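Data block below; observations after.
The values are calculated or read from the model by the stated rules, or taken from the named source; none is laboratory data. Small disclaimer: the values here were computed from a predicted structure and weren't measured. Here Cβ is always computed from backbone atoms with ideal geometry, including for glycine, and neighbour counts include all displayed protein chains. Ligands, DNA and RNA are stripped out before the accessible areas are found, and what is left, the full protein with its side chains, is counted by its heavy atoms. Shrake-Rupley method; radii C 1.70, N 1.55, O 1.52, S 1.80 Å.
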Amino acid sequence: MMNEYVVLMSAPDRSGILARVAAAVTKGGGDVRDAASFGDATTGRFFLRIHLSLQADCSVGALRESVTRTVAELNGEATIASLAERPKVMIAVSRFDHCLVDLLMRFRKGQFHADLVGVFSNHDDTRDIVEWYGLPFHHLPISRDTKSEQERQVIKLIADTDTDLLVLARYMQILSPALSQQLQDRCINIHHSFLPSFKGAKPYGQAYERGVKLIGATAHYVTDDLDEGPIIEQDVRRVTHATSADEMTELGREIECSVLARAVRWHLQHRIIVNGRKTVVFNH
């Protein structure tokens, strides 16, 4: 992946965008390996992901100049990311550790092209498992009176570690609007519901009491609108009247782990573009 890059762009929809951007890639020394696009009729915007390899005798500077000029002419926006770079990831967790353990295992097995720089928590419960994996654990307790100070510590930790992506792996604290805005499009949360219908500490108990027939989970980008950020991935499992609350909890945790892992992987692979309150995810 040393000479491989991904172009993500969006622009007001018009004919010929794909052809023009692909030509700009070629002019800048890139060889298109694959491309995916989507025109959103409701917003009138066109979205494009191009995976390319840069020819050995060409510079990334020339590629950026060529693509940036063309995208500007289209009144669009674009990013160019090197697939050789390893983004830095931080995980936040409270006491429920299933998503944390799943992510730790995936990082250890090399399933994410990224570096996990540490874990922080408002509780000390997961210290042993994090340190067993050889990672820094940061205990940042929080109370109603210390929330502002704790978030300053979080901001400092993210800055000191050059964190590119923060993953809330069942971190049961609401981020302030200021912190949410600072982490815009680089903070992923897992919500323990297919839709944010059952909020609180015991969502599967609530689901059981309501006799639901589907349970699920939602991974989304964090915004200052609680649990309403752009959705990246969702999944569900069918249950019946005979499924107990404990069984729902176990099924739900399995779904949370897989949904969160897919969302993190797609973000790290530069497959997601935020489209207002939604996302475009080029995952195929």
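Annotations
- Of the residues Phe46, Phe96, Phe107, the single one that is closer than 18 Å to Phe282 by Cβ and aromatic (Phe, Trp, Tyr) is Phe46.
- For segment 105-114, a residue qualifies if it is within 16 Å of Ile188 (Cβ to Cβ) and either open to solvent by less than 40 Å² (accessible area, probe 1.4 Å) or of a type in the set (A, V, I, L, M, F, W, C) (or both), and the qualifying residues are Phe107, Phe112, Ala114.
- For the residues Ser94, Ser82, the requirement of being under 30 Å from Gly30 (Cα atoms) and surrounded by fewer than 20 Cβ atoms within 10 Å (Cβ to Cβ) singles out Ser82.
- Of all residues in segment 22-50, those satisfying the criterion of being surrounded by fewer than 21 Cβ atoms within 10 Å (Cβ to Cβ), within 27 Å of Ala84 (Cβ to Cβ) and not β-branched (Val, Ile, Thr) are Ala22, Ala23, Lys27, Gly29, Asp31, Arg33, Asp34, Ala35, Ala36, Ser37, Phe38.
- Filtered residues of segment 199-257 (kept if within 28 Å of Ser176 (Cβ to Cβ), free of Cβ contacts under 8 Å to residues at least 12 places away in the same chain and open to solvent by 80 Å² or more (accessible area, probe 1.4 Å)): Lys202
- Within segment 22-43, being closer than 16 Å to Val274 by Cβ and at pLDDT below 95 holds for Asp40, Thr42, Thr43.
- Condition met for Ala56 (over 30 Å from Ala159 (Cβ atoms) and within 25 Å of the chain's Cα centre (by Cα)): no
- Scanning segment 115-139 for residues that are touching an Asp or Glu at 6+ places or on another chain (Cβ under 9 Å) and of a type in the set (A, V, I, L, M, F, W, C), we see that the one that is surrounded by the most Cβ atoms within 10 Å (Cβ to Cβ) is Val117.
- Long-range neighbours under 9 Å by Cβ, at least six apart or interchain, first residue of a type in the set (Phe, Trp, Tyr) within segment 261-284, second surrounded by fewer than 17 Cβ atoms within 10 Å (Cβ to Cβ) and modelled with pLDDT of 95 or more: Phe282/Ala36; Phe282/Ser37; Phe282/Phe38
- Segment 2-21: number of residues that are modelled with pLDDT of 95 or more, in contact with a strand residue (DSSP E or B) (Cβ under 9 Å, 6 or more places away or on another chain) and open to solvent by 30 Å² or more (accessible area, probe 1.4 Å): 5
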